[in-house]
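Asker: Before we start, here is the structure in question, set down as structure tokens.
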């Protein structure tokens, strides 16, 4: 056995590209394990765990690209490393604008006639700089990247507001602009419901359910998770709300968020009160007192239901698969008591934690509702546990579970072997950016989990909600059928799935408690809605995108027929922090 | 105090507003400021004899023989080693020279005047191909060629230019870019235009045999116009030099050992790093191993926004690097990423008459990691062998990072 590595100094490739290289190289003959990662400390730690450490790997820095293999022989290692380099050197194709791949946002904006939005998904430490370049080039920004410092977020949002530009994010996973799905987003019918969301999978859940309920989406604008915190003060949410208020296609507005800062919520509701359109405020875990055209919603499902009613005058009819909690519970062995939720969507996980508490009491999590329920390690469950497998601890150096189901599959099987587990609760998120066929990956694991439990004398219900539409690239109905075939109990909404899991556990002896909702103060008296003609014209469309970062986003936009130019992005100044600081100073 | 961007706009506007006119020819000693008999001007940043590469040493020896300061190679070297010869970059004396760039007092030089800004620049007459001083050759045929340039071609061209009332170099360069030249490695069209414009005036400027010889010299030398083009670029960029707070590059030059740049807002300082060896195609019998590190002031063309920056205009020369016409277009598109303006006078037909990328910003180079592209001839590392190929080269990044650091230090 040999471990061999190649270091490419100051090279950069996006994480998806690297993951694909890693996967392909790992499958080569004679290769036991392979790594293709940037040389961050976290990644080197992972390589060490995988037995892929060499002296060169140890010496690599965060801007160095590491290719490393463990192989049966020198020849196999050499061949694998050669293949890895060839895969990386494979030219990326420009989605539009001919052969030339622009290197900067400014040059891309010039190449793509009508460019009006930059989709930025570069590593967090570079993201603010790229977003600023985009604003300087007069582009609206969807900042997918996370790990952007709070002060950078605030100054970017102030700069955007001063120019009447929309800055969605940072950590904005999802947006839909006039039918174009950006980042992780579902393909939905165009319609009258506009969404402003501080939560990625929250937007996906509401948008999908609105679509499945027979209505459609005008636009879904993401704000990023911190926008409604006090520090940021809802700068993006306010601009987005104002734009939807003025948008002629939008007849109903849905606000989606975890509980906002009370003052920010009050301001936002004060603005919403002035919107001459009905507004549904779904601040998960918070109670919004309905008033005038503003209504509250406790769950994402409820927000979607009210929105569909308002938009169509009809009650939505979502797919329904009958499941009887008492009957499931009756088949459990006496040892089986606990729920184990394994989530890929952060907001869906949060909603599940809120709902489950009513049936089973406090739930342990890596993202708990109360700090005293924080798991020591996200990798080990105790009692009732729901984990967000999209949290940093699971995604450093790895793809998000919506893209790469490997970790979740391992965890499903581990939980199935635990005699105390009464029910598994999962989400499956479809749409652009997600795995091309998640059900096919998960189905064998679900089947195996149930069989292993049965062999041990237990009955294991697996409750799954599927977030998506029949127009998504993965096809909703096929996904559902595959999961049902594997023995999963599929539910149309995350709320239904969480309730079902909760009822099963309750029937098996758990007892819930009512959590008093966070009180949102009454709407504040605020000035008039800001006028934002430039953001309005972005909504008037069509959107033309400059993509910087993950190439798959450019591809999915091209697939949708959205004009897009993919920037051949490299870290500024070769990633040299000192030079970057000097350059930033000289640009000030 | 204005911003850096404001300063750069001023600098680049001066480049765009420049009007370089080829006014005449005169002995270097008569027109180049500070020129004297024992002074040898050379290409690139300052360098000592000890560090000079083969071709530059050869050219120095040839120049001393040509000036009659030494009778043979041994004497020439001894003279230098006794410290009796002074060296200075052409750029310190408003001059530019291709390859070794060696210029001495009795050599005839073109005079280019950038009239709106009052800058003047000088360059020697192109010697043609084969064994030539600029590649470090100094055999008798090289020296006799230099004498003919001094005694016949220089005066004749000077009289013709006088009769013509000067020659608008900017118009000539704009035209050659629409005819498949990029103005650095490829000057076929420009040299033909040069000859055509001068012909009626040459015909009246001397004895018919001399006229015929000069016409033949122009007809046989596709690089004839390179030297006046370089001087035109130099006179243009000198007008943009010395703008406080400007980060625009006003000079890129190589001496065969080092690559150096100067920046508009950073005074007379050079930012220097070891020159790279160009990569390209070699004449039969030569390989990459024989190549000297990058040499010559001709990078003044790229600095002014032509040459490698106008590659899209000259698809024929991509064969030097085994490329395709599409790559030529990409090369120019890439240079827009590091420049602050486009020169509408130099419109590239292949890019829908978009102006050439103009005004290299050191900040953009360091930020993007994109180095300027330079098209260049390749010299043999041994003196006297001459040109062995042509290809592409880029400056070392260290020149630009040093300049950015110096700039930041000055801003504090």
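Asker: For the list (1) in contact (Cβ under 8 Å) with a residue 60 or more places away in the chain; (2) part of a loop (DSSP other than H, G, I, E, B), I need the number of the one condition that residue B:284 fails.
Answerer: (1)
Asker: Looking only at residues that are touching a residue at least 24 places away in the same chain (Cβ under 8 Å) and assigned to a loop (DSSP other than H, G, I, E, B) in the range B:67-93, which one is surrounded by the most Cβ atoms within 10 Å (Cβ to Cβ)?
Answerer: Here the answer is B:85.
Asker: Let me ask you something else. Can you name the helices (runs of 4 or more DSSP H) wholly within the range A:182-275 that have at least 3 residues being within 28 Å of residue A:555 (Cα to Cα)?
Answerer: In the range A:182-275, A:200-212, A:235-246 are the helices (runs of 4 or more DSSP H) which contain 3 or more residues that are within 28 Å of residue A:555 (Cα to Cα).
Asker: Looking only at the range A:563-573, decide whether some residue is in contact with a helix residue (DSSP H, G or I) (Cβ under 6 Å, 6 or more places away or on another chain), surrounded by fewer than 20 Cβ atoms within 10 Å (Cβ to Cβ) and either within 14 Å of chain B (Cβ to nearest Cβ) or not in a strand (DSSP E or B) (or both).
Answerer: no
Conditions (1) modelled with pLDDT of 95 or more; (2) part of a strand (DSSP E or B); (3) buried (at least 22 other Cβ atoms within 10 Å of the Cβ); (4) within 12 Å of chain A (Cβ to nearest Cβ), marked per residue:
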site: B:326; (1), (2), (3), (4): no, no, no, yes
site: B:359; (1), (2), (3), (4): yes, yes, yes, no
site: B:371; (1), (2), (3), (4): yes, no, no, yes
site: B:379; (1), (2), (3), (4): no, yes, yes, no
site: B:390; (1), (2), (3), (4): no, yes, no, no
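Asker: In the list A:221, A:244, A:235, A:269, which residue meets the criterion of being touching a helix residue (DSSP H, G or I) at 6+ places or on another chain (Cβ under 6 Å) and surrounded by 24 or more Cβ atoms within 10 Å (Cβ to Cβ)?
Answerer: After applying the criteria, what remains is A:221.
Asker: Of the residues A:463, A:480, which single one is outside any helix (DSSP H, G or I), at pLDDT 95 or above and closer than 22 Å to residue A:205 by Cα?
Answerer: A:463
Asker: Still on this model: Just checking, which of A:221, A:165, A:135 is over 20 Å from the mean Cα position of the chain (by Cα) and within 17 Å of residue A:243 (Cα to Cα)?
Answerer: Answer to the selection: A:165.
Asker: Looking at the range B:130-183, what helices (runs of 4 or more DSSP H) fall wholly within it and have at least 2 residues that are within 19 Å of residue B:28 (Cβ to Cβ) and touching a residue at least 24 places away in the same chain (Cβ under 8 Å)?
Answerer: Result: B:140-148, B:154-164.
Conditions (1) crowded, with 23+ Cβ neighbours inside 10 Å; (2) touching a strand residue (DSSP E or B) at 6+ places or on another chain (Cβ under 9 Å); (3) touching a residue at least 40 places away in the same chain (Cβ under 8 Å), marked per residue:
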position: A:315; (1), (2), (3): no, no, no
position: A:323; (1), (2), (3): no, yes, yes
position: A:340; (1), (2), (3): yes, yes, yes
position: A:344; (1), (2), (3): yes, yes, yes
position: A:348; (1), (2), (3): yes, yes, yes
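Asker: A further question on this structure: Tell me the residue from A:103, A:125 that is within 14 Å of another protein chain (Cβ to nearest Cβ) and either in contact with a helix residue (DSSP H, G or I) (Cβ under 9 Å, 6 or more places away or on another chain) or closer than 30 Å to residue A:211 by Cβ (or both), please.
Answerer: None of the other options fit; the residue is A:103.
Asker: A further question follows. What's the total number of residues in the range A:293-333 that are over 18 Å from residue A:250 (Cα atoms) and either at pLDDT 95 or above or in contact with a helix residue (DSSP H, G or I) (Cβ under 8 Å, 6 or more places away or on another chain) (or both)?
Answerer: Residues that pass the stated criteria total 19.
Asker: Those residues that are assigned to a loop (DSSP other than H, G, I, E, B) and touching a residue at least 12 places away in the same chain (Cβ under 8 Å), I need them from the range A:1-48; list them, please.
Answerer: Within the range A:1-48, A:1, A:9, A:10, A:11, A:12, A:13, A:14, A:28, A:29, A:30, A:39, A:40 qualify.
Asker: Quick one: in the range B:287-307, which of the residues that are assigned to a loop (DSSP other than H, G, I, E, B) and either within 14 Å of another protein chain (Cβ to nearest Cβ) or in contact with a helix residue (DSSP H, G or I) (Cβ under 9 Å, 6 or more places away or on another chain) (or both) is farthest from residue B:231 (Cα to Cα)?
Answerer: B:292
Asker: Answer with yes or no whether residue B:317 is more than 24 Å from residue B:8 (Cβ to Cβ), more than 13 Å from chain A (Cβ to nearest Cβ) and touching a helix residue (DSSP H, G or I) at 6+ places or on another chain (Cβ under 9 Å).
Answerer: yes
Asker: Would it be correct to say that residue A:529 is within 28 Å of residue A:205 (Cβ to Cβ), away from chain B (no Cβ under 14 Å) and modelled with pLDDT under 90?
Answerer: Answer is yes for this residue.
Asker: If I ask for residues that are without any contact (Cβ under 8 Å) to a residue 60 or more places away in the chain and more than 16 Å from residue A:331 (Cα to Cα), which ones from the range A:408-434 would you list?
Answerer: Passing the criteria: A:409, A:410, A:413, A:414, A:417.
Asker: Against the definition (part of a loop (DSSP other than H, G, I, E, B) and within 14 Å of another protein chain (Cβ to nearest Cβ)), how does residue B:265 come out, yes or no?
Answerer: Taking the combined requirement at face value, the residue does not satisfy it.
Asker: So, one more: Quick check, is residue B:151 surrounded by fewer than 21 Cβ atoms within 10 Å (Cβ to Cβ), closer than 28 Å to residue B:249 by Cβ and over 20 Å from the mean Cα position of the chain (by Cα)?
Answerer: Criteria not met by residue B:151.
Asker: Next question. Consider residue A:557 carefully, then state whether it is away from chain B (no Cβ under 14 Å), over 30 Å from residue B:365 (Cα atoms), touching a residue at least 60 places away in the same chain (Cβ under 8 Å) and not in a helix (DSSP H, G or I).
Answerer: So residue A:557 fails the test.
Asker: Here are some residues: B:316, B:310. Which one is buried (at least 19 other Cβ atoms within 10 Å of the Cβ) and assigned to a helix (DSSP H, G or I)?
Answerer: One residue alone meets the criteria, B:310.
Asker: Next up: From the set of residues in the range B:330-339 that are within 7 Å of chain A (Cβ to nearest Cβ) and either touching a helix residue (DSSP H, G or I) at 6+ places or on another chain (Cβ under 7 Å) or not in a helix (DSSP H, G or I) (or both), which is nearest to residue B:354 (Cα to Cα)?
Answerer: Looking at the filtered set, the residue picked out is B:336.
Asker: Residue A:135 is checked against (1) crowded, with 22+ Cβ neighbours inside 10 Å; (2) at pLDDT 95 or above and fails just one. What number does that condition carry?
Answerer: (1)
The values are calculated or read from the model by the stated rules, or taken from the named source; none is laboratory data. Everything quoted here is computed from the prediction, not taken from an experiment. FYI the Cβ positions are ideal-geometry reconstructions off the backbone, even for glycines, and counts take in every protein chain you see.
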